[in-house]
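Okay, structure first, notes after.
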Amino acid sequence: MKPGAIGNLVVATDLAEAVGLVEEGFLPLAGGTDLIPRCTLGLLDGVSLVHISGIPEIAMVACDGETLSLGSAVTLADLSVHPSVPAWLRAACLRVASAGIRTAATLGGNLLQAPRCRFLNRPFFWRSAHGACLRTGGAICRAGGDADECHASQRSLLAAVLLAADARLEFLTSRGPTTITLESLYPRDLAPADLQAPGLLSRVIIPNSGSKGGIRWEVLTRRTSIDYPEIALAVAEISPVSKHTPPARRIAVSAPLPWPRLLPPTISDSSGDFTDLEEALTTIFPSVQTGLYDPAYLRHAAAVLLQRAVRRS
Ligand SMILES: Cc1cc2nc3c(=O)[nH]c(=O)nc-3n(C[C@H](O)[C@H](O)[C@H](O)COP(=O)(O)OP(=O)(O)OC[C@H]3O[C@@H](n4cnc5c(N)ncnc54)[C@H](O)[C@@H]3O)c2cc1C
């Protein structure tokens, strides 16, 4: 098969058709800003796609006072100006990519975008010259380090922000809706590969209670427009359940990890002391340079960004 060729492309006329096709193995195509480049780079040869952007049920924002429900197919441009969306999330949407990309890119696609690597997200001929890597049928990771470990990283800022917000995801299958935590979506111990979503993501649900003062987030990028984050992290202050329980923090990091995740509670205590953070990041950050900056710099920069986020009122 010619590199970059796709199989079927179906424009779903309604939600039930889209859910059925996803069950048959079609990949949902929303804004296409992640999926189409992967197809044209020859990373998904022969894949069949179902276009879901025109389905109204998954393109709505609803707020019932207790929870905020964001349709997976709402674009980041629309989210960034929606009056029901909290300011911290509107601002985070505006920090993603560029204005042009945000008019197509959707919330669901952002959370489900594939892990990236500077050796993987390259044209077929470029990759062929280097030889296949772990993700493309080869035996070693081209980024170096432990050769048999893939070092690609999922670089979603909104994943970090929504993990800190304790968001839930609703997936649809022909058996009905299933709701899971965003945290459980991302594999903790698996090497990066394309995520197997458990159905069609219909909406992202943000609980209104629990975090005081919204989510504070920080990113490190080379430029403020277009570039993917080298580090993306977010912090939520959790209200104490009673006056006897101490306040706590939820701290989430996406880039440069293989998958976004919450940091262990030991570094999310309320002491404001982050001396243990760089040490903790040593075990979870990549040991080889996978992006623009080397691992030691990234660990130090993450600790600085976290302090900055925590101290910002
Ligand atoms: C130049 C550039 C810069 C970028 N910079 C940033 C950045 O700074 N920060 C950041 O966070 N992101 C960044 N991104 C990533 C961007 O935000 C994502 O590409 C975008 O949000 C994906 O949304 P989409 O609608 O285009 O998804 P698509 O490309 O259509 O889909 C992406 C993936 O999600 C799956 N998917 C989509 N919708 C659903 C659904 N409803 N149910 C199940 N699966 C689904 C698709 O099958 C596919 O695997 C950048 C992208 C580009 C191209």
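For the chain, take N as its residue count and report Rg(C-alpha) divided by 2.2 N^0.38 Å.
Its radius of gyration relative to the 2.2 N^0.38 Å reference: 0.99.
Could you tell me the relative contact order of the chain? Use alpha-carbon pairs under 8 Å, at least six residues apart, and round to a whole percent. Show your work: numbers first, answer last.
Details: 652 pairs, mean separation 50.3, N = 313.
Relative contact order comes out at 16 percent.
Please compute one quarter of the surface area of the Cα convex hull for the range 213-311 and express it in square nanometres.
The orientation-averaged projected area of the Cα hull of the range 213-311 comes to 6.7 nm².
Between exposed trypsin sites (Lys or Arg not before Pro) in the chain, where DSSP calls loop and at most 12 other Cβ atoms lie within 10 Å, what's the longest gap?
Maximal segment without exposed cleavage sites: 1-174.
Per the Debye formula with a single identical scatterer at each Cα and no solvent contribution, what log10 I(q)/I(0) holds for the range 16-140 at q = 0.10, 0.14, 0.18 Å⁻¹?
Result of the Debye calculation: -0.40, -0.72, -1.01.
How much length is gained on full extension from Ala16 to Ala193, taking 0.36 nm per residue of separation minus their Cα-Cα distance? Please list the in-between numbers first.
On the way: separation 177, 0.36 × 177 = 63.72 nm, distance 2.75 nm.
Taking Ala16 through Ala193 to full extension adds about 61.0 nm, to one decimal.
Residue by residue through the range 13-29, which ³J(HN,Hα) values in whole Hz follow from phi under the Karplus form 6.51 cos²θ - 1.76 cosθ + 1.60 (θ = phi - 60°), with glycine and proline marked x?
8, 8, 4, 4, 5, 4, 4, x, 5, 4, 5, 7, x, 5, 8, x, 10
Could you do me a favour and compute the accessible area per residue for the chain, 1.4 Å probe, result in Å²?
On a per-residue basis, the chain sits at 46 Å².
Could you check how much of the accessible area of the chain is carbon and sulfur, as a whole percent, using a 1.4 Å probe?
Roughly 55 percent of what the probe reaches on the chain is carbon or sulfur.
Roughly speaking, what is the stretch gain from Ser287 to Ala139, that is 0.36 nm per residue apart minus the C-alpha to C-alpha distance, in nm to one decimal?
51.4 nm
Using Cα-only point scatterers and the Debye equation, what is log10 of I(q)/I(0) for the range 138-222 at each q in 0.14 Å⁻¹, rounded to two decimals?
With no solvent term, the Cα-only Debye profile gives -0.67.
Name the long-range amide H neighbours of Gly138: under 5 Å, sequence gap of 5 or more, or other chain; modelled H, no Pro or chain starts.
Cys133
First measure r as the distance between the Cβ atoms of Arg175 and Arg118, then evaluate 1/(1 + (r/R0)^6) with R0 = 51 Å and state the FRET efficiency to the nearest 0.05. Before the final figure, lay out each step's value.
Values: r = 40 Å, r/R0 = 0.78.
Once the sixth-power term is evaluated, E becomes 0.80.
Give, rounded to the nearest 20 debye, the magnitude of the charge dipole that the range 223-266 has about its Cα centre when Lys and Arg contribute +1 at Cβ and Asp and Glu contribute -1 at Cβ.
200
Calculate the length of the line joining the C-alpha centroid of the range 72-127 to that of the range 32-71, in whole Å.
Comparing the Cα centres of the range 72-127 and the range 32-71, I get a distance of 11 Å.
What is the range 151-207's relative contact order, in percent, from Cα pairs under 8 angstrom and six or more apart in sequence?
Values: 65 pairs, mean separation 25.4, N = 57.
Reported relative contact order: 45 percent.
The values are calculated or read from the model by the stated rules, or taken from the named source; none is laboratory data. What you are looking at is a predicted structure, and each value in this text was computed from that prediction instead of being measured. As a convention, Cβ positions derive from the backbone with ideal geometry for all residues, glycine included, and neighbour counts pool all protein chains shown. With ligands, DNA and RNA removed, areas are computed over all heavy atoms of the protein, side chains included. Shrake-Rupley method; radii C 1.70, N 1.55, O 1.52, S 1.80 Å.
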